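Here the structure comes first, spelled out in structure tokens, and everything after it is commentary.
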Amino acid sequence: QVQLIESGGGLVQAGHSLRLSCVASGGTFSTYAMGWFRQAPGKEREFVARINRYGNADYTNPVRGRFTISRDNAKNTVYLQMNSLKYEDTAVYYCAASRSLGLMPTSDYDYWGQGTQVTVSS
């Protein structure tokens, strides 16, 4: 069973940066596609970014150019660097692992972390 633990969330002013981390345990991290999702109050969980086992990344349009996903297989960790944060980025951010392609749908992911809160003040 894979466990994912996110960290790095917090309260930040608009225009500033945060870096989220997600540490995985209990599986072969290098073989998983990894994703970041977010869920704002009253809204459905949505895709933010993904990185496959080869290091290829993809982003949802609202964060493209501001967020960067990366992975360190030696540390079993995936990161989400978030720059130029906006008020609308406020949400609980979730890390997820996929044993398959790890595309955008939440159903593509097999394991989920508990989430970390990101609050951006305007």
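Annotations for the structure displayed:
- Any hit, region 1-16, residues being surrounded by 12 or more Cβ atoms within 10 Å (Cβ to Cβ) and without any contact (Cβ under 8 Å) to a residue 60 or more places away in the chain: no
- Within region 95-122, the set of residues being in contact with a helix residue (DSSP H, G or I) (Cβ under 8 Å, 6 or more places away or on another chain), at pLDDT below 95 and of a type outside the set (Ser, Thr, Tyr) comprises Arg99, Leu101, Gly102.
- For Tyr87, the criteria (1) open to solvent by 30 Å² or more (accessible area, probe 1.4 Å); (2) in contact with a Gly (Cβ under 7 Å, 6 or more places away or on another chain); (3) at pLDDT 95 or above hold in every case but one, which is (2).
- Restricting attention to region 19-36, the residues being open to solvent by 30 Å² or more (accessible area, probe 1.4 Å) and either aliphatic (A, V, I, L, M) or touching a residue at least 12 places away in the same chain (Cβ under 8 Å) (or both) number 7.
- Residue within region 90-98 that is in a strand (DSSP E or B) and open to solvent by 40 Å² or more (accessible area, probe 1.4 Å) present: no
- Scanning region 54-74 for residues that are buried (at least 17 other Cβ atoms within 10 Å of the Cβ) and basic (Lys, Arg) turns up just one, Arg71.
- Filter pass, Thr77 being of a type in the set (Ser, Thr, Tyr) and either farther than 17 Å from Gln114 by Cβ or open to solvent by 50 Å² or more (accessible area, probe 1.4 Å) (or both): no
The values are calculated or read from the model by the stated rules, or taken from the named source; none is laboratory data. Treat the numbers as computed from the prediction; the structure is a model and nothing was measured. Virtual Cβ from ideal backbone geometry, glycine too; neighbours counted across all protein chains shown. We work out accessible area using only protein heavy atoms, side chains counted, and drop any ligands, DNA or RNA first. Shrake-Rupley method; radii C 1.70, N 1.55, O 1.52, S 1.80 Å.
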